[in-house]
Amino acid sequence: MVDTPTADNPREPDITHTNPAAEGTWFGHPKPLFWLFGTEMWERFGYYGMRALLTLYLTKHFILGDRASTGLYGGYTALVYLTPLVGGLLADQYLGSKRAVRFGALMMAVGYFTLAFGGQPAKPYQVIDGKRYEVVVDNFRDTPTSDPKEARYLVDGGQKLTMRGNDDGSMSLLAADGKEVRHLAKDSFSEGAERNPLLTMILLMALSLISVGNGFFKPNISTMVGELYEQGDRRRDAGFTIFYMGINTGSILGQFLCAIFADSFGWPLGLGLAGVAMVISFFMISYHGGRLDAYGNPPTRDGPDRAMLIYVLAIVAVPVVYFLFVNLMQAEEPAAGSGFIGYLASLPLMGKLLFGTFIVSVPGILIWSFIKGSRKEGEMMVAAMVLIIFNVVFWTLFEQAGSSLTLFADRNTDRSVFGWFSLSAPQTQNFNPIAIVLLAPFMSMLWGWLARRGWEPSIPIKFAAALMGVGAGFLFLVWGSTFADSSFKVGLWWLAGLYVIHSIAELCISPVGLSMITKLSIARVVGLMMGVWFLSISVAQYVAGVVAQFASVDTVGGQVTNLKVSLDTYTHTFTMIALVAIGLGVLLLLLSWPLKKWMHGVQ
């Protein structure tokens, strides 16, 4: 997902009277933009570099299994989009943006370095009919990319037996000569791993530190960029565009370099590089030679400065977030046949809080809108809420990138680039930001060309196109899977094609989302509606982890035992979510006419 900052209305008159040559500029913009650009770029380097590694780190180093790993990943990214609601409020009321960003950067740096302290990898074992068997691994590399010669064996009576998964879900244990020694029924075996409880606690504590720190950093760095420009300064649009390029630059570099370091030197240096980037970000916002002195300062308030109290409470919040992660990891699957009510009852606390807040806030705000506002305002709020709900669906499917699609890249993708070199699985996530950088100018020109002719699609139609586009991307990859080679691996360019299609879909929905909320919301609750918008993205991140669990594959020590089964599992899941996305896109397309009427001319 690419963060898209907002900008002024292009129809706003240019009232800029400052001579750029007189004040000293950076590419024609206020010089402090350079420091904010760098602060954000290095933070995005750390965030996306770590995110690209996280699911593989959980499945390969900690051997948590697909279900637990993708669920934890979804919970972490959900908090990344939820905590800024609190961090933004505290900065507005007490800290000021600059102190909030500085404190958040420091917490995130500590979190990344803590995450890098993974210690010894977990030791896999198998449980067969209630009895535990040791699993040994030859040619093991504790890195994102496994050694091609890596092999796992189950030890039974001193004999090393190869484990081969069968198409029906059963497993065959094979002797050195390839003969089947034992056949295991589908539900008679399960994977386990010995993990150091202290190392698991450190992992969850690191994710908690990063989540809380992100809440202070993320909403407030963009606020400072906005402060650089006077109201009506037409340079604001271009300034946010430059800032936006910093986001993408950091994303591309982080996902590329952190993966290289992790593969070449191990997880600690790959994840530690994210921490180094965060330290650079902290220094840029803290030591700027006075260039940011006039920006992001605390609001004028009577009474003592409450900054220290807020810092202490933020640190106290880390164990609370830690508890949410522990609860998430301990969640069990709902009992068979328990239905939707049983599913809701089995949700971990984080899921209950997210869904509960979202389900209550949407109808609650709408009821208030019709009671306190005019009929026109109520209809505009209904249109906004409908689009927010469809926004949840889009990001749920789009955000498979860091979970199920990364595992697909690792297990069922031939990552060779024209036979010259191979990408690692985390590096395949770079197709998205690269495509965004290359395609964004053309999409902008396309919308402008259509607008000049009166043909530009309405916001609901753009949302519908985005939903159908994300579904089309998955279908493209599923089509590519029919050309898989004899080792059940799909060519890299089919996965790249999915990311390009998804990037086009993203450009249909992401740039207009925040603007849509500000235009359709009743003025008295626009801030609340922005909160609901980010809450919808947080819910989507969580649900993305749940959806990825449907693509879970049985593994041994983080490695699948039958690549055909894993390919079939992924393509089945991707086909189902693609059809759901396209179907909902068509539904929204049909709803676009009444929605356009309820929007009362908002474009």
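The values are calculated or read from the model by the stated rules, or taken from the named source; none is laboratory data. In this text the structure is predicted, and so the values were computed from the model without any measurement. No Cβ is skipped: glycine too gets one built from the backbone with ideal geometry, and neighbour counts run over all protein chains shown. Accessible surface is based on the protein model in full, side chains and every heavy atom, while ligands, DNA and RNA are left aside. Shrake-Rupley method; radii C 1.70, N 1.55, O 1.52, S 1.80 Å.
Summary of values
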quantity: Test: residue in the range 409-429 that is modelled with pLDDT of 90 or more, open to solvent by 60 Å² or more (accessible area, probe 1.4 Å) and part of a helix (DSSP H, G or I); calculated: no
quantity: Positions within the range 287-302 being among the small types (G, A, S) and touching an Asp or Glu at 6+ places or on another chain (Cβ under 7 Å), in sequence order; calculated: G296
quantity: Condition broken by E194, with the remaining ones in (1) of a type in the set (D, E, K, R); (2) buried (at least 16 other Cβ atoms within 10 Å of the Cβ); (3) touching a strand residue (DSSP E or B) at 6+ places or on another chain (Cβ under 9 Å) satisfied; calculated: (2)
quantity: Residue match in the range 302-312 (condition: open to solvent by 50 Å² or more (accessible area, probe 1.4 Å) and of a type in the set (F, W, Y)); calculated: no
quantity: The range 86-115: number of residues that are under 30 Å from D302 (Cα atoms), open to solvent by less than 10 Å² (accessible area, probe 1.4 Å) and hydrophobic (A, V, I, L, M, F, W, C); calculated: 5
quantity: Any hit, the range 324-331, residues being more than 30 Å from R99 (Cβ to Cβ), assigned to a helix (DSSP H, G or I) and without any contact (Cβ under 8 Å) to a residue 60 or more places away in the chain; calculated: yes
quantity: Selection within the range 96-145 - of a type in the set (V, I, T) and out of contact with any helix residue (DSSP H, G or I) (no Cβ under 9 Å at 6 or more places or on another chain); calculated: V127, I128, V135, V136, V137
quantity: Candidate set: the range 277-293, residues that are open to solvent by 20 Å² or more (accessible area, probe 1.4 Å) and touching a residue at least 40 places away in the same chain (Cβ under 8 Å); chosen: the one nearest to R99 (Cα to Cα); calculated: S286
quantity: Hits in the range 140-155 (condition: free of Cβ contacts under 8 Å to residues at least 24 places away in the same chain and in contact with a strand residue (DSSP E or B) (Cβ under 6 Å, 6 or more places away or on another chain)); calculated: A151, Y153, V155
quantity: Tally of residues being acidic (D, E), assigned to a strand (DSSP E or B) and over 30 Å from C258 (Cβ atoms) across the range 123-177; calculated: 2
quantity: Condition broken by F243, with the remaining ones in (1) at pLDDT 95 or above; (2) in contact with a Leu (Cβ under 8 Å, 6 or more places away or on another chain) satisfied; calculated: (1)
quantity: One residue from T482, T575 being out of contact with any helix residue (DSSP H, G or I) (no Cβ under 8 Å at 6 or more places or on another chain), surrounded by fewer than 21 Cβ atoms within 10 Å (Cβ to Cβ), of a type in the set (S, T, Y) and modelled with pLDDT of 95 or more; calculated: T482
quantity: All helices (runs of 4 or more DSSP H) inside the range 180-290 with 2 or more residues being among the hydroxyl-bearing types (S, T, Y) and farther than 28 Å from A307 by Cβ; calculated: 235-265
quantity: Pick from the range 116-144, criterion touching a Leu at 6+ places or on another chain (Cβ under 7 Å) and over 28 Å from L269 (Cβ atoms), ranking: most open to solvent (accessible area, probe 1.4 Å); calculated: Y133
quantity: The range 156-173: number of residues that are open to solvent by 20 Å² or more (accessible area, probe 1.4 Å) and without any contact (Cβ under 8 Å) to a residue 60 or more places away in the chain; calculated: 7
quantity: Residue among S515, S566, S538 that alone is in contact with a strand residue (DSSP E or B) (Cβ under 8 Å, 6 or more places away or on another chain) and either modelled with pLDDT of 90 or more or surrounded by fewer than 19 Cβ atoms within 10 Å (Cβ to Cβ) (or both); calculated: S566
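So that you can scan it fast, the table gives a plain yes or no per residue for (1) out of contact with any helix residue (DSSP H, G or I) (no Cβ under 8 Å at 6 or more places or on another chain); (2) aromatic (F, W, Y); (3) at pLDDT below 85:
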position: T6; (1), (2), (3): no, no, yes
position: N9; (1), (2), (3): yes, no, yes
position: L33; (1), (2), (3): no, no, no
position: E43; (1), (2), (3): no, no, no
position: Y57; (1), (2), (3): no, yes, no
